[in-house]
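J.: One structure coming up, written as structure tokens, with questions to follow.
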Amino acid sequence: MKNRMCWLATLLVFAAALCAAPAHAEDGYDLWLRYRLLAPAQVQHYRPHAAELVAGDATPTQTVTRDELQRGLSGLLGSAIPLASTVTHDGAIVVGTPASSSLIAGLKLDLQDLGDDGYLIRSVVANGHAITVIAGRNDIGALYGAFQFLRLLQTTQPIDRLDLRDAPHIKLRVLDHWDYLNGQVERGYAGASIWDWWKLPDWRAPRYTDYARANASIGINGTVLNHVSSGATILTHDYLQKAAALAGVFRAYGIRVYLSVRFSAPIEIGGLKTADPLNPQVQAWWHAKADEIYALIPDFGGFLVKADSEGQPGPKDYGRTHADGANMLADALAAHGGVVMWRSFVYADKPDDDRAKQAYQEFKPLDGRFHANVLLQSKNGPVDFQPREPFHPLFGAMPHTPLMMEFEITKEYLGFATHPVYLGPLYEEVLAADTLAHGKGSTVAKVIDGSLDHHALTGMAGDANIGTDRNWSGSDFNQANWYVFGRLAWNPTLSSRDIAEEWVRMTFSNNPAFVKPVVAMMMGSREAAVDYMTPLGLLHLMGPGHHYGPAPWDASEAEADWRPVYYHRADRQGIGFDRSRSGSDAVDQYAPSLAAQFNDVQQTPEQFLLYFHHLPWNYRMRSGRTLWYELVAHYTQGVEDVQQMRDTWQHLDGYIDAERYRQVAAFLTIQQREAQWWRDACIAYFQSVSGLPLPPGFAPPQHPLAYYQSLSFPYVPGFSSW
Ligand code: GCV
């Protein structure tokens, strides 16, 4: 009899597994929320702790929380979890808030310091039963807790004696979509825009809900729907209704909608003759527009603005400052609780001696002049999302202004969709960098989370890598970059390695024989890209405009400071941009002790060497080798690292589904070909400039320089002359 019961139970698990299995092949659509059946031992271990679910459905957020737990637990454990109105068994899971659940209220949990979005997960005894409670002060905290609880199971962590509490360190955790209303995505390598503006507001694609689930699962709570440089159409009533429809889908998941606005909108769609921020009619127009938006979207987040940069209109068109422009918009939103995220990424019409200095020069003098609901959104580095840059000198330099981080998730400069480069180490490097603004330990993370200068309004934005590709991000590994962005926006002190491991387990497999080498591969992938693209502090060597492939020789761009030759400054004598005090003096935009370090070539970390210094080719590196030798060695190392990544992956065949395995293998092949191209083209070019022979033992480029220079790419994704 016992045997028959066991057999029956096995059959049931098997049948449930079949139900939980996808109707389609593994195609990456489910992201890290795959909820596939766990190994039998895990199922056996967890099942007693998932005997029933006590969850409310009085609000949309409560309903989606309950649904997600049911969906996740039934997938992972192979059978549906019964719903109960109160605890009747050991192993019940109770989710909610003191307001939604009298049981939670009765437990008198210490929820006070969890803030609006935090949660607590605890094993307790209630009604005489051992249960797990997932509680927040608000519904959204309980939803975040539910996702964390599922993550514990997905990554096979123990759940029998839980006592976890967590709350986000950063208030606004936002994706910026560079999506145009015609469906094109700038720097998009994953297909077209997922917003089907044409069919909105009537058709709300199911994908929008899955987008919201994915974001909520990692704590993202805002989305800027349209491109920072898009026109004013998004602010017309028709399009606001479309945006409102999306906001309606996202609301239950705690995600607010924001819009990028064009500074000249009052002229373009408002019929005014000016967009001068000090003009009362302009101010009235924006106030009325804000009222109109909030009537449609009561929880609207606010505006993102790119002004006076790369041809965009802005307050400087009227002789006003960025603060005048930002404050005028902020005032229009203030009564409704909205914010302005004003970008510091500016290009002057006439670049002075150093493009990297411009944002600091324009914004530092404005510190303290922004209204309370303005955040200044700065890219992580002073130039433009390069494979490696020092942190932006504005971090730590504007104590009276909330500084918001902008990371690029889409890999404009790091191999598009096909180079499996994990950006976690890049983000972590920047967040952990010490600004020394208030002495040691003044990290960028502390600037961003507001703790350094006591700001309550804090934010982190990521330029999304999401499109209509079935796998959302153009490749499975690019999903990890969306994931790590969200996790670090929640807590910028988390380790990118831990996050990588979490992601691998949820996305692919918990088998340590798979997890360990893949995490190692991911952790080395960004350094490999730096090596084969822009080692030793070089940057912006990419092809003109489209940024695909190497073109260190290129001088075709209209603006001097868009050209690779502007950045590397290589000549017969040496290479690098002198930003020391004898050069552009960009070093003095950093705190004095850091400036002194960067100013001194001996103390400058070699990873930033050619960012701060112009040095002779025979300069002696710490290794004792010449700069030229070291440069060639780095380029070569990058290619070898990619070969190593391919070898690693080759040994992993059979651990995961064939569909995703094959795509990663194919993309690694592309990456290796392109890494070799990068190495060879850059070495061929720099050799032509330096006139030096290749150091002994290094293979010469596969083709002459003229071959690399002859390549052209008219149809690169994510870029065109729109
Ligand atoms: C959204 C760089 C990128 C552009 C991007 C711009 C910005 O110039 O190449 O694609 O445009 O930065 O961040 O505004």
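Every residue, every condition in (1) within 16 Å of the ligand (Cβ to nearest atom); (2) open to solvent by less than 50 Å² (accessible area, probe 1.4 Å), yes or no:
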{"site": "670", "(1), (2)": "no, yes"}
{"site": "685", "(1), (2)": "no, yes"}
{"site": "691", "(1), (2)": "no, yes"}
{"site": "701", "(1), (2)": "no, yes"}
{"site": "710", "(1), (2)": "no, no"}
{"site": "719", "(1), (2)": "yes, no"}
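J.: Also, I was wondering about something else. Look through segment 399-416, keep the residues that are more than 16 Å from the ligand (Cβ to nearest atom), buried (at least 23 other Cβ atoms within 10 Å of the Cβ) and not hydroxyl-bearing (Ser, Thr, Tyr), and return whichever of them is farthest from residue 469 (Cα to Cα).
T.: The qualifying residue farthest from residue 469 (Cα to Cα) is 402.
J.: Can you list residue pairs whose Cβ atoms sit under 9 Å apart, with the first residue in segment 695-722 being more than 30 Å from residue 229 (Cβ to Cβ) and the second being open to solvent by 90 Å² or more (accessible area, probe 1.4 Å) and in a loop (DSSP other than H, G, I, E, B)? Count only pairs 6 or more apart in sequence or on different chains.
T.: What qualifies is 695/625.
J.: What are the residues in segment 93-113 that are of a type in the set (D, E, K, R) and part of a loop (DSSP other than H, G, I, E, B), if any?
T.: If the condition is that a residue be of a type in the set (D, E, K, R) and part of a loop (DSSP other than H, G, I, E, B), then 108, 110 are the ones that fit.
J.: Sort out which residues of segment 610-628 are in contact with a Gly (Cβ under 9 Å, 6 or more places away or on another chain) and either under 25 Å from residue 441 (Cβ atoms) or among the charged types (D, E, K, R) (or both), and write them in order of number.
T.: The answer is 611, 612.
J.: Checking the structure you have, find out if any residue of segment 302-315 is of a type in the set (A, V, I, L, M, F, W, C), open to solvent by 10 Å² or more (accessible area, probe 1.4 Å) and not in a loop (DSSP other than H, G, I, E, B).
T.: No, the conditions are met nowhere in segment 302-315.
J.: A further question on this structure: Residue 234: crowded, with 24+ Cβ neighbours inside 10 Å, of a type in the set (A, V, I, L, M, F, W, C), in contact with a helix residue (DSSP H, G or I) (Cβ under 8 Å, 6 or more places away or on another chain) and touching a residue at least 24 places away in the same chain (Cβ under 8 Å), yes or no?
T.: Against the criterion (crowded, with 24+ Cβ neighbours inside 10 Å, of a type in the set (A, V, I, L, M, F, W, C), in contact with a helix residue (DSSP H, G or I) (Cβ under 8 Å, 6 or more places away or on another chain) and touching a residue at least 24 places away in the same chain (Cβ under 8 Å)), residue 234 does not qualify.
J.: Give 54, 94, 87, 64 a once-over and let me know the one that is closer than 30 Å to residue 473 by Cβ, β-branched (Val, Ile, Thr), out of contact with any Gly (no Cβ under 7 Å at 6 or more places or on another chain) and modelled with pLDDT of 95 or more.
T.: Matching residue, one of 54, 94, 87, 64: 64.
J.: I want to confirm something. Restricting to segment 355-387 and keeping residues that are in a loop (DSSP other than H, G, I, E, B) and touching an Asp or Glu at 6+ places or on another chain (Cβ under 8 Å), which single residue is nearest to the ligand (Cβ to nearest atom)?
T.: Top of the filtered list is 385.
J.: Scan segment 329-356 for residues that are modelled with pLDDT of 95 or more and under 20 Å from residue 224 (Cα atoms) and report the count.
T.: Of the residues in that region, 16 qualify.
J.: Here's another thing I want to ask about it. So if I check each of 679, 660, 625, which one is in contact with an Asp or Glu (Cβ under 6 Å, 6 or more places away or on another chain), among the charged types (D, E, K, R) and surrounded by 14 or more Cβ atoms within 10 Å (Cβ to Cβ)?
T.: Sole residue among the options that is in contact with an Asp or Glu (Cβ under 6 Å, 6 or more places away or on another chain), among the charged types (D, E, K, R) and surrounded by 14 or more Cβ atoms within 10 Å (Cβ to Cβ): 660.
J.: Collect the residues in segment 679-722 that are among the polar types (S, T, N, Q) and assigned to a helix (DSSP H, G or I), keeping them in residue-number order.
T.: Correct list: 687, 688, 690, 709, 710.
J.: May I ask you to list the residues in segment 595-613 that are of a type outside the set (S, T, N, Q) and either more than 21 Å from residue 362 (Cβ to Cβ) or touching a Pro at 6+ places or on another chain (Cβ under 8 Å) (or both)?
T.: 596, 598, 600, 601, 605, 606, 608, 609, 610, 611, 612, 613, listed by residue number.
J.: Look through 424, 441, 338, 381 and report the one residue that is at positive phi and not acidic (Asp, Glu).
T.: 441
J.: Kindly provide the set of residues from segment 170-205 that are farther than 16 Å from residue 469 by Cβ, more than 16 Å from the ligand (Cβ to nearest atom) and either of a type outside the set (A, V, I, L, M) or under 15 Å from the mean Cα position of the chain (by Cα) (or both), ordered by number.
T.: 170, 171, 172, 173, 197, 198, 199, 201, 202, 203, 204
J.: For segment 56-92, which residues satisfy the criterion of being assigned to a helix (DSSP H, G or I), β-branched (Val, Ile, Thr) and surrounded by fewer than 16 Cβ atoms within 10 Å (Cβ to Cβ)?
T.: Answer for segment 56-92, where residues must be assigned to a helix (DSSP H, G or I), β-branched (Val, Ile, Thr) and surrounded by fewer than 16 Cβ atoms within 10 Å (Cβ to Cβ): just 63.
J.: Quick check: anything in segment 525-541 open to solvent by 20 Å² or more (accessible area, probe 1.4 Å), out of contact with any strand residue (DSSP E or B) (no Cβ under 8 Å at 6 or more places or on another chain) and either in a strand (DSSP E or B) or closer than 30 Å to residue 498 by Cβ (or both)?
T.: Yes, the conditions are met somewhere in segment 525-541.
J.: Would you point out the residue of segment 364-396, among those that are open to solvent by 10 Å² or more (accessible area, probe 1.4 Å) and among the small types (Gly, Ala, Ser), that is farthest from the chain's Cα centre (by Cα)?
T.: The selected residue is 368.
J.: Any idea which of 663, 672, 676, 644 is part of a helix (DSSP H, G or I), more than 15 Å from residue 418 (Cα to Cα) and modelled with pLDDT of 95 or more?
T.: 644
J.: A further question follows. Yes or no: residue 330 away from the ligand (no atom under 13 Å from the Cβ) and in contact (Cβ under 8 Å) with a residue 12 or more places away in the chain?
T.: yes
J.: Sort out which residues of segment 297-315 are without any contact (Cβ under 8 Å) to a residue 60 or more places away in the chain, within 16 Å of the ligand (Cβ to nearest atom) and among the charged types (D, E, K, R), and write them in order of number.
T.: 308
J.: Can you list residue pairs whose Cβ atoms sit under 7 Å apart, with the first residue in segment 407-427 being within 14 Å of residue 188 (Cβ to Cβ) and the second being modelled with pLDDT under 95 and away from the ligand (no atom under 12 Å from the Cβ)? Count only pairs 6 or more apart in sequence or on different chains.
T.: Filtered contacts from segment 407-427: no entries.
J.: Report yes if residue 159 is farther than 18 Å from residue 462 by Cα, of a type in the set (Val, Ile, Thr), touching a Leu at 6+ places or on another chain (Cβ under 9 Å) and buried (at least 22 other Cβ atoms within 10 Å of the Cβ), otherwise no.
T.: For residue 159, the condition - farther than 18 Å from residue 462 by Cα, of a type in the set (Val, Ile, Thr), touching a Leu at 6+ places or on another chain (Cβ under 9 Å) and buried (at least 22 other Cβ atoms within 10 Å of the Cβ) - is not met.
J.: So, in segment 436-457, exactly how many residues are open to solvent by 10 Å² or more (accessible area, probe 1.4 Å) and either closer than 22 Å to residue 548 by Cα or part of a loop (DSSP other than H, G, I, E, B) (or both)?
T.: Within segment 436-457, residues that are open to solvent by 10 Å² or more (accessible area, probe 1.4 Å) and either closer than 22 Å to residue 548 by Cα or part of a loop (DSSP other than H, G, I, E, B) (or both) number 12.
J.: How do the pairs read when you match residues in segment 33-55 that are in a strand (DSSP E or B) with residues anywhere that are among the basic types (Lys, Arg), using Cβ under 9 Å and keeping only pairs 6 or more apart or on different chains?
T.: 53/66; 55/66
J.: Moving to a separate point now. Are any of the residues in segment 417-435 surrounded by fewer than 21 Cβ atoms within 10 Å (Cβ to Cβ), part of a strand (DSSP E or B) and away from the ligand (no atom under 16 Å from the Cβ)?
T.: Yes, that holds for at least one residue.
Here is a yes/no grid of residues against (1) without any contact (Cβ under 8 Å) to a residue 12 or more places away in the chain; (2) under 30 Å from residue 227 (Cα atoms):
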| residue | (1), (2) |
| --- | --- |
| 131 | no, no |
| 135 | no, no |
| 140 | no, yes |
| 145 | no, no |
| 162 | no, no |
| 180 | no, yes |
| 186 | no, yes |
| 203 | yes, yes |
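The values are calculated or read from the model by the stated rules, or taken from the named source; none is laboratory data. Treat the numbers as computed from the prediction; the structure is a model and nothing was measured. Cβ sites come from the backbone with ideal geometry, for glycine too, and all protein chains shown count toward neighbours. SASA here: full protein model, heavy atoms, side chains in, ligands and nucleic acids out. Shrake-Rupley method; radii C 1.70, N 1.55, O 1.52, S 1.80 Å.
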